[in-house]
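One structure is given below, encoded as structure tokens.
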């Protein structure tokens, strides 16, 4: 069904395969990531379908950087308030524009058309309210002696004026040639940012910095409608059923809208995306309700006539700057600083990207009775759009980062109507003159071989040329050049510390046979670390490996004595990243171990690669120190200890099988392959059995005893 506001959305879906020789598939089919691309004459709806957008045209350029305010009279003339030269422009129904008034202040922060067709302009800073005649002559209508005048609203019996740095609301009436002003309400807020009036004589006010919305009845008494968690109520719009739509922005995005020195906030965006095998150990961030505004930059509330409040839109990345309520009551348009985009937000929370402009920010949205009009900042221009759609539009995807030089396979898509695809590739993150040209247009949605050259980065562009053209999904198959695995580090554990595998997570073998990932079934594929156990004479290695392609790795462990030139294989085909070596299987000496990682389990033999790392020399010592008793007398007994392969680090003695007591060498420090010890014999008469136990650096122990009689 033809819908001028139908818009599509893209998302990046990563598909995992059992073998790196099989391609990865970049599937663009959901809304979250399609918005990272660029739309030119196309819309993106809440279901992720791209279609032609309403026709839009830049009607008038003010040559000013900012347009802060706009108003439309009954003849279709559009008035534009700009900054920072304080100028007002008039654009007639035919699109001819001219300077209407040049005011003394820097910024025209608010405009309003009176019931008699008169134009009111509010200025900041040190602002005044001017009344502009048909000739453009400006007379000061009201001077509240306030630093800022942020907002105006026309009442049945006058003009409401909202000020800043004091948060006051004034009611001003014309009396002959002069104006009569009265203070309607002096709030405790800093600023009255927005004002709106309904057809029943009610006035609504939005504040900064506590995000309040208040209603003033015909008796002038205030009633609080909303206390937003966001700081600023940037704009208010009255719906046909009496609902009040509220655009609120957070402190992180809030700034005085008439400060010419402060550029509009830009929405954060991703320059590139990449297709990677997901890490099941990293949990996905669960989606949040739109009522959760803890991270929101902006939000739209709907206050129903009975006082109930709905949040119909919220975004953690996009800052809304303008609001327009449909005459039909079906929702609002939201103008943003997200690439000058306008979103259609329904009362049910559905969201559609209506169109994207060349400007940085959509400042205001109005209607001239025939079409919708929007104003922008950076630069300050006037646009008209709808209701008919454009004859042709295009969408350029976000740039894909393949993380290495890639061979592109087939590209295919799902669409209706006339849709053609083009591709290009390059080796710079941002497309520039070094990229390949756009390819010839492919028109068969069943797929075609990509002819763009091998490169790291890739982009596609879709061109829609019929009113019924809709693009639902685009898929690209590619294989990244295999990159050799790396052994990043090898950790050598202390002697006698062994490593034993923990029981693995039980996985249905049919999953692997089908070439699928256990993560697809909610099974966490996490490498279970080994447990440490006592193992006599063990020398244990534990290593960290990385493969940039996400390939499955196997390992070989080799060894050589320091004096040898060639390595010998110790273990091969290990799936785990550790090995406990029985030190008693190797002769005493100094050894170097090498760990080699292979990605052949995920690649054809001809394309498989390997990476390796060696340890520092490691001592293998299985020989216990030799302890020899020496001379003994009634007061002392001597021992000597010699270790053939390493050095002595500790000694202790026991008398008559009693507790072990530490003893130190005669030179005071145990650090040599030979050490001498002297032990005092108890002074009481009797027979004593003195046992000395000595340990070397690898925890081998030897002992000897001496009998002493007193």
### Message
Between residue 501 and residue 520, what is 0.36 nm times their sequence separation minus the Cα-Cα distance? Round to one decimal in nm.
### Response
4.3 nm
### Query
Which shape class, rounded, prolate or oblate, goes with region 409-459 when its Cα gyration tensor gives a ≥ b ≥ c as root eigenvalues, a/c under 1.5 marks rounded, and past that a/b bigger than b/c marks prolate?
prolate
### Task
Any chance you could run the full-extension gain for residue 252 through residue 178? It's 0.36 nm times the residue separation minus the Cα-Cα distance, nm to one decimal.
22.5 nm
### Task
Would you mind calculating the relative contact order of region 61-193 from Cα pairs under 8 angstrom and at least 6 residues apart, reporting the percent as a whole number?
14
### Message
Per 0.36 nm of contour for each residue apart, how much would the distance between residue 588 and residue 467 grow if the chain were fully extended, relative to their Cα-Cα spacing?
### Response
35.3 nm
### Summary
Gyration tensor on Cα atoms of region 80-227, a ≥ b ≥ c root eigenvalues, a/c under 1.5 rounded, else prolate if a/b beats b/c, else oblate, says prolate
#### Entry: Spin-label model distance (nm) - residue 511 vs residue 74, 7 Å beyond Cα toward Cβ
7.2
### Summary
If 368, 227 are placed from fewest to most neighbouring beta carbons inside 10 Å, the sequence is 227, 368
### Query
If we count other beta carbons within 10 Å of each Cβ, what is the order of 273, 528, fewest first?
528, 273
### Query
How high is the FRET efficiency from residue 102 to residue 405, r the C-beta distance, R0 45 Å, rounded to 0.05?
0.20
### Query
Which FRET efficiency value, to the nearest 0.05, do you get for residue 441 and residue 32 by plugging their Cβ-Cβ distance into 1/(1 + (r/R0)^6) with R0 = 22 Å?
0.20
## Note on the structure
Gyration tensor on Cα atoms of region 54-389, a ≥ b ≥ c root eigenvalues, a/c under 1.5 rounded, else prolate if a/b beats b/c, else oblate, says prolate
### Summary
Here, residue 209 and residue 348, labelled 7 Å along Cα→Cβ, have an inter-label distance in nm of 4.1
### Query
Given a cut-off of under 8 Å on Cα pairs at least six residues apart, what relative contact order in percent is computed for region 54-389?
15
#### Entry: Spin-label proximity, residue 449 to region 410-431 - amide N less than 16 Å from point 7 Å beyond Cα toward beta carbon
410-412
### Query
What percent does the relative contact order of the chain come to when contacts are Cα pairs within less than 8 Å and at least six residues apart?
11
### Task
Using only the Cα atoms, work out Rg/Rh for region 486-620, with Rh taken as the Kirkwood radius, to two decimals.
1.01
### Summary
A correct fewest-to-most ranking of 79, 343, 688 by other Cβ atoms within 10 Å would be 688, 79, 343
### Query
Tell me, what is the FRET efficiency for residue 652 and residue 609 to the nearest 0.05, using R0 = 41 angstrom and their Cβ-Cβ distance as r?
0.20
### Query
So what's the convex hull volume per residue for the Cα atoms of region 626-709, in Å³?
79
### At 1.306 mPa s and 10 °C, Stokes diffusion of region 433-480 via Kirkwood alpha-carbon radius, µm² per second
123
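Laboratory data are not the source of any read-out in this text; all were calculated from the coordinates shown. The shown structure was predicted, so the numbers you read here are calculated from the model rather than taken from an experiment. A quick note on method: Cβ atoms are made from the backbone with ideal geometry, for glycine too, and the neighbour counts reach across all protein chains shown.
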